[in-house]
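Student: Okay, handing you the structure first.
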Amino acid sequence: MKHIKGRMDESILVCVYYGLNGERLIRRGHKLATLLDCPLYVMTVDAQPIDAFDAEKSRYLELWKQLTDELEVEQFIVKDNERRPIQKVITEVAINYNITQIIVGQSAQSRWEEITKGSFLNVLLKEVPFVDFHIVAVKRPTEDEIYDTYEKGVRAYLIKDGESYKIGFSCPKFASLEGIFFKEIGTDFDNGIFKFTYNNKMHELHISEGLVIDPKLIPAACRPTI
């Protein structure tokens, strides 16, 4: 059962797009919503229909859904097959869900980059003057945001290799565990983090030179076998 929010005069919307920073923005919104004890909504917008998403987009969508369920977010809103300008979609959702605060990420590689342009922000402020905007610098390095040190995630597979487990990047013919691998920036080896979902929860394994550092963290029921 979800926690009954104490304040209904405030509500927060987090806008996410594909990449490493979606999880960070959702968690930032959750912290703020927890402090205010108010509803939290998460939204993503895409011009393609969901059934046309590639594997990477589908995986991000799945991870965000798992995270929003875990954090008991009020609703995860997916606006697919959307042809309207982003500001029109944001405005519509803000009005429909009585949003008072919006969190978006500022990134040179993100579709939300245009949010930082004064003209775009001015349009939103005119259309939804009751909303406060939080522009988060997603590239800002901080000690508690380790994902700034990793490359864009790619699909990968966990495979049993003798007594160890290694990652591969082509789908094997035998049993494997599918997930997303985030490689450390500036390394020639497969060092990084392997993330996957199991039993409706997100799991994370640290990888060194292609091998799982601590295999005991792999749930026994989903461990690959030869």
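Throughout, read-outs are computed from the coordinates displayed, never taken from laboratory work. Only a predicted model underlies this, so the values are computations on that prediction, with no experimental measurement involved. All Cβ positions, glycine included, derive from the backbone under ideal geometry; neighbour counts span all protein chains shown.
Student: Using mean Cβ contacts within 10 Å as the protection proxy, how do 126-135, 57-66 order, highest first?
Tutor: On the way: 126-135: 13.7, 57-66: 17.7.
Ranked by mean Cβ neighbours within 10 Å, highest first: 57-66, 126-135.
Student: Follow-up question, since we're still on this one. So how do MET43, MET8 line up by other beta-carbon neighbours within 10 Å, fewest first?
Tutor: Going from sparsest to densest Cβ surroundings: MET8, MET43.
Student: Show me, for the stretch 164-178, the HN-Hα J-couplings you get by feeding each phi into the Karplus relation (A = 6.51, B = -1.76, C = 1.60, θ = phi - 60°), rounded to Hz, glycine and proline as x.
Tutor: Karplus-based 3J(HN,Hα) across the stretch 164-178 equals 10, 10, 10, 9, x, 10, 10, 5, x, 7, 9, 4, 8, 10, 8 Hz.
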